[in-house]
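First comes the structure, then the notes that go with it.
Read-outs throughout are calculated quantities, based only on the coordinates presented, and are distinct from any laboratory measurement. Since the structure is predicted, the reported quantities are computational estimates derived from the model, not experimental observations. With ideal geometry, Cβ positions are generated from the backbone for all residues, glycine too; neighbour counts draw on all protein chains shown.
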Amino acid sequence: MSRRKKRRKRPKGRRDPASQQDVDGEEILHSAAIDLVLKDAAAPFAKGPEAPAIMYETLSAASEGPAPVIERKPEILFGLRNLIENASAFALTKVLIASAWTQNDVKIIVLDDGPGFSTEILAWLGEPYLSARNRSRNTVARKGGLGLGFFIAKTLLERTGGKVMFGNRRWRDVDASLDDGSVGAWVSVVWPRKVIEATEQ
Ligand SMILES: Nc1ncnc2c1ncn2[C@@H]1O[C@H](COP(=O)(O)OP(=O)(O)OP(=O)(O)O)[C@@H](O)[C@H]1O
Ligand SMILES: [Mg+2]
């Protein structure tokens, strides 16, 4: 079966300074504004009759400067994608993908309005043995997942210099303007700005 590759259209003679071409002439984007990276990570879960609403929020005050342009590493994309996949699967109606930055760091939060992480899961989440040792059969039956997605996400994101935290949060504690009583699973990833920000734009 032949594989068709998607190419971005660009006027002749103009090159995106953040891109190079691979051996097939395929354009590779090495960096992108943070909101584009987040939309890219969430794209598979944004469509379909069962899909929750995916909301994007910028939590940074304007004083912190313009949105960072970040390295578009596969580890970052796939790591975030696994987190957003979970949030989309457990959300009742909506998922929040929030970003915040200061001069020193860049933070991404994924929050949903589902049941939240159970106490049992919280004790094990992020460890590689979840599926073998502690995952209930109910979990498998309900979602059909392997129970590795979170561990893989955490490992990939940590490899890029990110620190992953998780728990359950009220939406209003993440952003007061989102105060509608929603609560759910919360995951945050924080990188020192110097490790995630693209050096060449
Ligand atoms: N957003 C969430 N809300 C509630 N529980 C969650 C959420 N995300 C993960 N969990 C719990 O943590 C468990 C582990 O998540 P993980 O992503 O590792 O596995 P999975 O989604 O079951 O399978 P997969 O390997 O396909 O990702 C889930 O089975 C679920 O019980
Ligand atoms: Mg998963």
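Across 5 Å bins from 0, what is the distribution of all Cα-Cα pair distances for the stretch 50-119, in whole percents?
Result returned by the calculation: 4, 15, 22, 21, 18, 13, 6, 1.
Roughly how many nanometres apart are two label points built 7 Å out from the Cα toward the Cβ at Ser63 and Arg170?
Each label point lies 7 Å from its Cα, and together they span 2.6 nm.
Which value, in debye to the nearest 20, describes the size of the charge dipole of the stretch 26-196 about its Cα centre when Lys and Arg Cβ atoms bear +1, Asp and Glu Cβ atoms bear -1, and nothing else is charged?
540
Order these by the 10 Å Cβ neighbour count, fewest first: Ile54, Ile196.
Ile54, Ile196
Compute the distance from the alpha-carbon center of the stretch 156-201 to that of the stretch 59-89, in whole Å.
8
At R0 = 25 Å, how high is the FRET efficiency between Thr93 and Lys194 if r is their beta carbon distance? Nearest 0.05 is fine.
Working from the Cβ atoms, E equals 0.10.
Per q in 0.11 1/Å, what log10 I(q)/I(0) does a Debye calculation on the alpha-carbon atoms of the stretch 26-196 return?
Rounded to two decimals, the profile gives -0.45.
Quick one: net charge of Thr102's neighbours, Cβ under 11 Å, K/R +1, D/E -1?
0
Report the relative contact order of the stretch 26-196, percent, no decimals, based on alpha-carbon pairs under 8 angstrom and at least 6 residues apart.
Dividing the mean separation by the residue count of the stretch 26-196 yields 24 percent.
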